[in-house]
1. Using alpha carbons only, how many angstrom separate the centre of segment 356-380 from the centre of segment 264-293?
2. By what distance, in whole Å, do the Cα atoms of segment 264-342 stretch along each of the three principal axes, largest value first?
3. Collect residues whose amide H, placed 1.01 Å from N in the peptide plane, falls under 5 Å from the amide H of S147; neighbours closer than 5 in sequence don't count.
4. Arranged from highest to lowest average of other beta-carbon atoms within 10 Å per residue, in what order do the peptides 372-378, 157-163 appear?
5. What figure in square angstrom, to the nearest 10, would you give for the accessible area of E77 with a 1.4 Å probe?
6. Tell me, what is the FRET efficiency for Y299 and S376 to the nearest 0.05, using R0 = 45 angstrom and their Cβ-Cβ distance as r?
7. Using modelled amide H (1.01 Å from N, peptide plane; none on Pro or chain starts), what sits under 5 Å from the amide H of S303, excluding residues fewer than 5 places away?
8. First measure r as the distance between the Cβ atoms of A242 and S12, then evaluate 1/(1 + (r/R0)^6) with R0 = 51 Å and state the FRET efficiency to the nearest 0.05.
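The values are calculated or read from the model by the stated rules, or taken from the named source; none is laboratory data. Please read these numbers as outputs of a predicted model, since none were measured by experiment. Here the Cβ is made from the backbone with ideal geometry for all residues, glycine too, and neighbour counts use every protein chain on show. Side chains are part of the model used for accessible areas, which takes the heavy atoms of the whole protein and leaves out ligands, DNA and RNA. Shrake-Rupley method; radii C 1.70, N 1.55, O 1.52, S 1.80 Å.
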Amino acid sequence: MQKDAVEDARPSPLGLGLCLLFAVSVCSSAGVVFDILTTTKGVHPFLAVFWRLIIQSTVQFIPFILSLKKEWRNDQEKKMLKYDEETLEPQLVTTSSKEQDRGNAQKHNHEDEFLPRYLKSLPLCCISGFLLGVYYSTWVYSLNYTSLTHSLLWVSMGPIVINGWSWFLHLIGKNQCILSIFAMSVSATVFQHRKPSLLETLGVFFGICGAIIILLGVQQIDSLDRKENETNNHLPTFYGDAVAFSGAVAVSVNWIIGQKLRSFLPIWIYVFPVIGTATLASLTFALMDKNDPVTWNGYTGRSVFGFLSREYFLFALYLGIGPGIGGHTLLSTLLKYVSPLVVSTAMLCEPIIGSIIGYFFGLQPLPDVYTWIGGSILMIGIVFVIVGETRADEKDVDPNCDQSYDPIQQDNSSYGSIQE
């Protein structure tokens, strides 16, 4: 009885609030540290991402193994319990009934066991990790060609991108031939979307208006030429803003896949393969860059193992443990006790906090009036999208139905379905 009470114990609201504030603040500092590494220290942007992710993967390896071992033991206990139940059953049924019951039991056990479901979900984990690597790489790369504030604002447009994608799927939902092209690459459940609500659509409209106002403040100077003239204070450019926005598109799909997988995967078991794949993706991007090549030798800002040098190690260690573990992983853990609406809304403070930190570190000037006005309208639009999506999801939830994603059962599901 006492054990159940301990397991069901909920942290205090004050403790949850402090953890949320800490996680958001740590996440907000990542852009500043990346900007210092790539701008001041001259580290290759993709290598800076690789350094952060390789350290984060290393730290998460032991929790991953322990969690996997725990789930393996749970599977063994389920098998033993099922075996005991079968051996104690009275042998009063016919042979044909025995064989049928045995087949149903094996199928039931296969679906209930965790490890088969996990192995079946690994391809989606790899896709999610690759997109996460694209997100980090494009975001950090954009810091060299636009201001820190613009980069943080554009990369935060994930909810608006997801809602726009939902409208796109809804509009083409009647054409199953077109939709099947998208559904064949990833499990069909990833692409099942309802019609966006009025509040979500209003949020997208506000977001687009805010984005247009932000772009009005961008001087029409080629960002590639600008890089040679700027030192620490990058002025906004169309090129840098576009790169940051591409990161928002990538992380949006990552969120959709992660939402499905996290419905049954424990946090460490989900995060480790995703971060591992993102690590390999960022390293691949760095090695493929012919204009700014990297090397395997030495410990410089252009070396794969440069993070082991005294000059870069503390920066990479902070990025991996701070924003990596204490930021995003902590936020994922808080979702067990705090609603996604609260976490998503709190993350909207990241552009504000990150810009303030960047200003005090001398990495950027104060944002112009277009950024203040457009950024505020953009944030309001994102809030509308998050609130509208949360309300719609609460209406769609069936309390008598298990909403968890099962990759085994998806083998027999149809592709290209749209929820109205």
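1. 30
2. 45, 25, 21
3. Amide H to amide H, under 5 Å and 5 or more residues apart or across chains, S147 pairs with T237.
4. The peptides rank, most packed first, as 157-163, 372-378.
5. Estimated to the nearest 10 Å², E77 gives 120 Å².
6. Approximately 0.55, to the nearest 0.05.
7. Placed amide hydrogens put T295 under 5 Å from S303.
8. So, using R0 = 51 Å, E works out to roughly 0.70.
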